[in-house]
1. Near LYS64, which lysines are there with a Cα under 27 Å away, not counting those fewer than 8 places off in the same chain?
2. I want to check the label-to-label distance for THR71 and GLU110. Put each point 7 Å from Cα in the C-beta direction and report it in nm to one decimal.
3. What's the ranking of 46-52, 95-101, 12-18, 78-84 by average number of surrounding C-beta atoms within 10 Å, highest first?
4. Per residue and in Å³, how big is the convex hull formed by the alpha-carbon atoms of the range 4-102?
5. Compute the distance in nm between two label points, each set 7 Å from the Cα along the Cα-to-Cβ direction, one at THR61 and one at ILE103.
6. Excluding ILE22 itself, calculate the net charge of residues whose Cβ lies under 14 Å from the Cβ of ILE22, where each Lys or Arg counts +1 and each Asp or Glu counts -1.
7. Between the alpha-carbon centers of the range 1-74 and the range 78-114, tell me the distance in whole angstrom.
Amino acid sequence: MSITTVGPIFNSPHGKTRQWGISLSLFDENDALVHAAGRAPEDIDVPGGYYAAYTTCSGYTGMKVTVSVPTIVQSGKNLGKKNATNALTQAYKDILSKYKNKIKYGYTIEEIAAPQQLAGLPFPMALQT
């Protein structure tokens, strides 16, 4: 069970619809999954020794989905500063960055319908010059 899941989002560059999604999970120091679904990552207090992990899922719609090896975030950034993040908040920022990058390069929230084949119609003739 993950804390949050972003996606799926869709892209259709070559006529086949591709989907992509990403999930974020929190683990304690004993590698046990921490159940905190329904709460925003910023609202979860993360004790020392806890770490976050995220995995991406991608593939063509209706085909096998590939799940990536988990990316582990063991600590936050800017520790000791006003804008410090913990492991969970940093992992959440990472997955949002990946999501925004996919949207920037053509993925959409709505599933894209594959182009319909025009069965029975002849191929159009090329213009002759």
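1. LYS16, LYS98, LYS100, LYS102, LYS104
2. 2.9
3. So the peptides 46-52, 95-101, 12-18, 78-84, ranked by packing, come out 46-52, 95-101, 12-18, 78-84.
4. For the range 4-102, the hull spanned by Cα atoms encloses 109 Å³ per residue.
5. 1.9
6. Values: positive: LYS93, LYS98, LYS100, LYS102; negative: ASP94.
So the environment of ILE22 carries a net charge of +3.
7. Measuring centre to centre over Cα atoms gives 11 Å.
Read-outs throughout are calculated quantities, based only on the coordinates presented, and are distinct from any laboratory measurement. Quantities reported herein were computed from a predicted structural model and do not represent experimental measurements. Cβ atoms come from the backbone with ideal geometry, glycine included; neighbour counts cover every protein chain shown.
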